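What follows is a short report on a single structure.
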Amino acid sequence: MILDEEASLHPQGPHALCGAGASGSFGGRGPKEDSRDTEKLARLSYAILASGSARKSDWARFYRPGASEEANYKAIERLMERLDPEAFLHRLLDAQSPFVLVDLTEVRRPQAKRTPYVGRLRDGGLGFWVFTLAQPYGGRAVPIHLGLYSQATLEAEGTGRNPVWRAFLQEALRYVEPGTVLVFDREFSFAGWLGVMEEVGVRYAIRLNAKAKGYLEDGEGKRVALRLRRGEEVRLSGVYYRTEGSSEGYRVNVVGVWDPGHKEPLWVMGNLPCGELLGVYRERMKIEEAFRDLKSRLGMVNLMSKTRENAEKTLRLLAFAYALGMVIGEVMRGRWQREKGGSGGASGGTILAFSSS
């Protein structure tokens, strides 16, 4: 793991994990105060990676060498009051990234019966959902935007999931180039969300949930069967995706393929040409591990914040620390390969510019 190598290189200087460019996100302070704040953010990022936890009490064990855990805990609380980790994530974004991945993660909180932002999940249990956008980097994914919602927050705001998703998406799209492709998993495979995509005006690819209530029609209103044999590929241009019980239909292109060794075929729909759809979605499949890492290695499932604001701030800090650790790992791997006379490793791009701006 990159943390082990970095920790041994910088045992008293975890600021090596974070760049000076983060200072501007604290507010309008002088250069000296900005420098101190940057080091504090770096130490906090290091503590998150070292602890692999979403709890401040665990971060306190690594935050400042030589200080007591109690003193570190209080220092972290004071720091977090001033942090804007959403801005940190947005500064990691590469506007030239060819596509952005959109993921929806369910986080269970069975004991949080009195936590306001925790609500009922689809199976009746307690928890919330995390809406994450990420960009590809070195074969993995760098989180660039994150938001939290639940059935409880939707009811409190008197809204539904589509307006919430739209708000998350529109905020993130402020930072990417027009024409950037958004790639979604099958949770977003329903007609209402296609309507949002058309409304926002983005290019997209979505894994089609062939077992859901949605179905395809051709231009004459006849249903199109989703049938494939192993090893076969099907392309459907200009068909309409509809949902049972709804009169709305959205024009899409669809590609289906059943690769040898897979238990079921893969169907992808979107407003990209058929020749692009499958390749874009397969790139997403390669980096699904990044989302699993964020949940397991950094303890997202153990989030204990009492308010939604603090929960979102903590989740964004986890994502930021994860991104830093991953990028440093790619850079060090590339450096090691060059020293050994090989080639490879990620180039860094806009993400590395963050650490030197």
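The values are calculated or read from the model by the stated rules, or taken from the named source; none is laboratory data. On a predicted model such as this, the values are computed, not experimentally measured, just so you know. Cβ atoms come from the backbone with ideal geometry, glycine included; neighbour counts cover every protein chain shown. The area values use the complete protein model at the heavy-atom level, side chains included, leaving out ligands, DNA and RNA. Shrake-Rupley method; radii C 1.70, N 1.55, O 1.52, S 1.80 Å.
Scan the range 37-54 and give yes if some residue there is on the phi < 0 side of the Ramachandran plot, out of contact with any Phe, Trp or Tyr (no Cβ under 9 Å at 6 or more places or on another chain), surrounded by fewer than 20 Cβ atoms within 10 Å (Cβ to Cβ) and modelled with pLDDT of 90 or more, otherwise no.
Looking for residues that are on the phi < 0 side of the Ramachandran plot, out of contact with any Phe, Trp or Tyr (no Cβ under 9 Å at 6 or more places or on another chain), surrounded by fewer than 20 Cβ atoms within 10 Å (Cβ to Cβ) and modelled with pLDDT of 90 or more, one finds none in the range 37-54, hence no.
Give the residues of the range 172-209 that are in a loop (DSSP other than H, G, I, E, B) and either of a type in the set (V, I, T) or out of contact with any Gly (no Cβ under 9 Å at 6 or more places or on another chain) (or both), sorted by residue number. Before the answer, list the steps.
Residues of the range 172-209 that are in a loop (DSSP other than H, G, I, E, B), as a first pass: 174-180, 185, 189-190, 201-202, 208-209.
Passing the criteria: R174, Y175, V176, E177, G179, T180, D185, G201, V202, N209.
Within the range 108-148, how many residues turn out to be in a strand (DSSP E or B), open to solvent by 10 Å² or more (accessible area, probe 1.4 Å) and farther than 30 Å from R335 by Cβ? Full working, then the answer.
Within the range 108-148, the first condition is being in a strand (DSSP E or B), and the residues that meet it are 108, 119-120, 126-137, 140-148.
Subsequent filtering for residues that are open to solvent by 10 Å² or more (accessible area, probe 1.4 Å) retains 108, 120, 126, 129, 136-137, 140.
With farther than 30 Å from R335 by Cβ added as a condition, the list becomes 108, 120, 126, 129.
Summing the residues that are in a strand (DSSP E or B), open to solvent by 10 Å² or more (accessible area, probe 1.4 Å) and farther than 30 Å from R335 by Cβ in the range 108-148 gives 4.
Got a number for residues in the range 227-239 being under 14 Å from M269 (Cβ atoms) and either among the β-branched types (V, I, T) or open to solvent by 60 Å² or more (accessible area, probe 1.4 Å) (or both)? Explain how you work it out, then say what you get.
Taking the range 227-239 first, the residues under 14 Å from M269 (Cβ atoms) are 234-239.
Applying the additional criterion that residues be either among the β-branched types (V, I, T) or open to solvent by 60 Å² or more (accessible area, probe 1.4 Å) (or both) yields 234-235, 237, 239.
Of the residues in that region, 4 qualify.
Looking only at the range 70-100, which residues are of a type outside the set (A, V, I, L, M, F, W, C) and part of a helix (DSSP H, G or I)? Explain how you work it out, then say what you get.
Of the range 70-100, the ones of a type outside the set (A, V, I, L, M, F, W, C) are 70, 72-74, 77-78, 81-82, 84-86, 90-91, 94, 96-98.
E70, N72, Y73, K74, E77, R78, E81, R82, P85, E86, H90, R91, listed by residue number.
Could you identify the single residue in K340, K313 that is open to solvent by 60 Å² or more (accessible area, probe 1.4 Å) and either modelled with pLDDT of 65 or more or under 29 Å from T115 (Cα atoms) (or both)? Don't jump to the end; show me each part of the working.
On the way: K313 fails: open to solvent by 60 Å² or more (accessible area, probe 1.4 Å).
Matching residue, one of K340, K313: K340.
If you check E187, E199, E177, E171, which single one turns out to be touching a strand residue (DSSP E or B) at 6+ places or on another chain (Cβ under 9 Å), in contact (Cβ under 8 Å) with a residue 24 or more places away in the chain and loosely packed, with under 15 Cβ neighbours inside 10 Å? Talk me through it step by step, then tell me what you get.
On the way: E187 fails: loosely packed, with under 15 Cβ neighbours inside 10 Å; E199 fails: touching a strand residue (DSSP E or B) at 6+ places or on another chain (Cβ under 9 Å); E177 fails: touching a strand residue (DSSP E or B) at 6+ places or on another chain (Cβ under 9 Å).
Selected residue: E171, the only one of E187, E199, E177, E171 that is touching a strand residue (DSSP E or B) at 6+ places or on another chain (Cβ under 9 Å), in contact (Cβ under 8 Å) with a residue 24 or more places away in the chain and loosely packed, with under 15 Cβ neighbours inside 10 Å.
Sort out which residues of the range 151-162 are open to solvent by 40 Å² or more (accessible area, probe 1.4 Å), modelled with pLDDT of 90 or more and assigned to a helix (DSSP H, G or I), and write them in order of number.
Result: Q151, E155, A156, E157.
Scan the range 213-249 for residues that are part of a loop (DSSP other than H, G, I, E, B), touching a residue at least 24 places away in the same chain (Cβ under 8 Å) and more than 30 Å from P178 (Cβ to Cβ) and jot them down.
So the first thing to find is which residues in the range 213-249 are part of a loop (DSSP other than H, G, I, E, B), and the list is 213, 218-222, 225-232, 244-248.
Still in the list and also touching a residue at least 24 places away in the same chain (Cβ under 8 Å): 213, 226, 228-232, 244-246, 248.
Scanning the range 213-249 gives K213, L226, L228, R229, R230, G231, E232, E244, G245.
Report whether or not A134 is farther than 27 Å from T243 by Cβ, in contact with a strand residue (DSSP E or B) (Cβ under 8 Å, 6 or more places away or on another chain) and of a type in the set (A, V, I, L, M, F, W, C). Before you say what the answer is, go through the steps one by one.
Details: farther than 27 Å from T243 by Cβ: yes; in contact with a strand residue (DSSP E or B) (Cβ under 8 Å, 6 or more places away or on another chain): yes; of a type in the set (A, V, I, L, M, F, W, C): yes.
For A134, the condition - farther than 27 Å from T243 by Cβ, in contact with a strand residue (DSSP E or B) (Cβ under 8 Å, 6 or more places away or on another chain) and of a type in the set (A, V, I, L, M, F, W, C) - is met.
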